[in-house]
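Structure first, commentary second.
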Amino acid sequence: MLSIAFDDFAQTSWTEGGRVLRDHDVRATYYVCGALYGTVFAGQRMYGPGDLEAIHAAGHEIGCHTFDHESCLRRDGHDFERSIERNESFVRERVGDVPLVSFAYPYGDATIGAKRLAVRRFGCARGVIAGLNRRRLDLGQLKAVGLEESKTRIEAVEPYLDRAASSGAWLIVFTHDVQDRPSAYGCRPRDLDRLIRSARSARLEVLSVREALAARAGAPGGISA
């Protein structure tokens, strides 16, 4: 399986990335930080009025990325949990009582305490350690591969698709903004389009993180944490 994720939720990940997803009729996971609503973060215009409601209405998953996008390395456990709770309230106020099933650590930083909290509150948590998820999964630190202009471009991501297909693994690919001139952490619309086409050529099913987690749970052998 392949899951596509957008961290922080730059507006172009919906206006441009969402168009590509719609063209292929696939669903993705948008990891939301409430404090970034209507702001400019890392040089990118973030999601604004109506965007969160639109991605939910289109069937995409809303994931939790804490409210304020601060690393758990710089906060204690109680503060970290309060940020999660505040983010859940923020989402609930806009789209109703939608359970947030998956979590992504800001900056990929995860302490032992943060992992314990994430596993207790969510179905799974994801970092930025590159690799495939197979056999016995670490639900507190799922592996993921970045599709990012400055680090791992589409040509370097495609071999992961082939390995996921040959080994029956779950691949998560994350990015940030989606535009013709992406930031160092984003990708181009044509890269996203190529990712989905290549995944289907490899006979991978493209699912949101929530959908993939449920599919793994229903597979023979289920999920082992």
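The values are calculated or read from the model by the stated rules, or taken from the named source; none is laboratory data. Values in this document were obtained by computation on a predicted structure and should not be read as measured data. Note that we place each Cβ from the backbone using ideal geometry, even for glycine, and neighbour counts take in every protein chain shown.
In the stretch 42-53, what residues are outside any helix (DSSP H, G or I) and at pLDDT 95 or above?
Of everything in the stretch 42-53, those that are outside any helix (DSSP H, G or I) and at pLDDT 95 or above turn out to be GLN44, ARG45, MET46, TYR47, GLY48, PRO49, GLY50.
When the residues of the stretch 141-151 are filtered to those that are in contact with a strand residue (DSSP E or B) (Cβ under 7 Å, 6 or more places away or on another chain) and either of a type in the set (Asp, Glu) or surrounded by fewer than 19 Cβ atoms within 10 Å (Cβ to Cβ) (or both), which remaining residue is nearest to LEU117 (Cα to Cα)?
Checked the stretch 141-151; the qualifying residue nearest to LEU117 (Cα to Cα) is GLU148.
Run down ARG82, ARG134, ARG94 and say which single residue is out of contact with any Asp or Glu (no Cβ under 8 Å at 6 or more places or on another chain), of a type outside the set (A, V, I, L, M, F, W, C) and closer than 20 Å to CYS33 by Cα.
Result of the check over ARG82, ARG134, ARG94: ARG82.
Taking the stretch 115-138 on its own, how many of its residues are farther than 26 Å from ASP177 by Cα and either of a type outside the set (D, E, K, R) or buried (at least 17 other Cβ atoms within 10 Å of the Cβ) (or both)?
Of the residues in that region, 4 qualify.
May I ask you to say which residue of ARG82, ARG94 is buried (at least 16 other Cβ atoms within 10 Å of the Cβ) and either at pLDDT 95 or above or touching a helix residue (DSSP H, G or I) at 6+ places or on another chain (Cβ under 6 Å) (or both)?
Answer to the check: ARG94.
In the stretch 1-22, which residue that is farther than 23 Å from ALA215 by Cα and acidic (Asp, Glu) is surrounded by the most Cβ atoms within 10 Å (Cβ to Cβ)?
Ranking the qualifying residues of the stretch 1-22, first place goes to ASP8.
Counting just the residues of the stretch 27-53 that are among the aliphatic types (A, V, I, L, M) and more than 14 Å from the chain's Cα centre (by Cα), which one comes out farthest from ASP109 (Cα to Cα)?
Looking at the filtered set, the residue picked out is LEU52.
Quick one: GLU61 ticks every box in (1) crowded, with 22+ Cβ neighbours inside 10 Å; (2) without any contact (Cβ under 8 Å) to a residue 40 or more places away in the chain except a single one, so which number is it?
(2)
Pull up the stretch 4-17, narrow it to residues that are in a helix (DSSP H, G or I) and out of contact with any Ser or Thr (no Cβ under 9 Å at 6 or more places or on another chain), then point me to the one that is nearest to PRO49 (Cα to Cα).
Filtering the stretch 4-17 for residues that are in a helix (DSSP H, G or I) and out of contact with any Ser or Thr (no Cβ under 9 Å at 6 or more places or on another chain), the one nearest to PRO49 (Cα to Cα) comes out as GLN11.
Which of the following residues is closer than 15 Å to VAL173 by Cβ and surrounded by fewer than 21 Cβ atoms within 10 Å (Cβ to Cβ): ILE154, ILE112?
Step by step, each of ILE154, ILE112 is checked, and only ILE154 is closer than 15 Å to VAL173 by Cβ and surrounded by fewer than 21 Cβ atoms within 10 Å (Cβ to Cβ).
Considering only residues that are in a helix (DSSP H, G or I) and touching a strand residue (DSSP E or B) at 6+ places or on another chain (Cβ under 9 Å), which ones fall in the stretch 20-34?
Hits for the stretch 20-34 are VAL20, LEU21, HIS24.
Take the stretch 54-107 and flag every residue that is within 13 Å of the chain's Cα centre (by Cα), within 23 Å of ALA214 (Cα to Cα) and outside any loop (DSSP other than H, G, I, E, B).
Answer for the stretch 54-107, where residues must be within 13 Å of the chain's Cα centre (by Cα), within 23 Å of ALA214 (Cα to Cα) and outside any loop (DSSP other than H, G, I, E, B): GLU61, ILE62, GLY63, CYS64, SER102, PHE103, ALA104.
Report yes if some residue within the stretch 187-198 is at pLDDT 95 or above and outside any helix (DSSP H, G or I); otherwise report no.
Yes: the stretch 187-198 contains one or more residues that are at pLDDT 95 or above and outside any helix (DSSP H, G or I).
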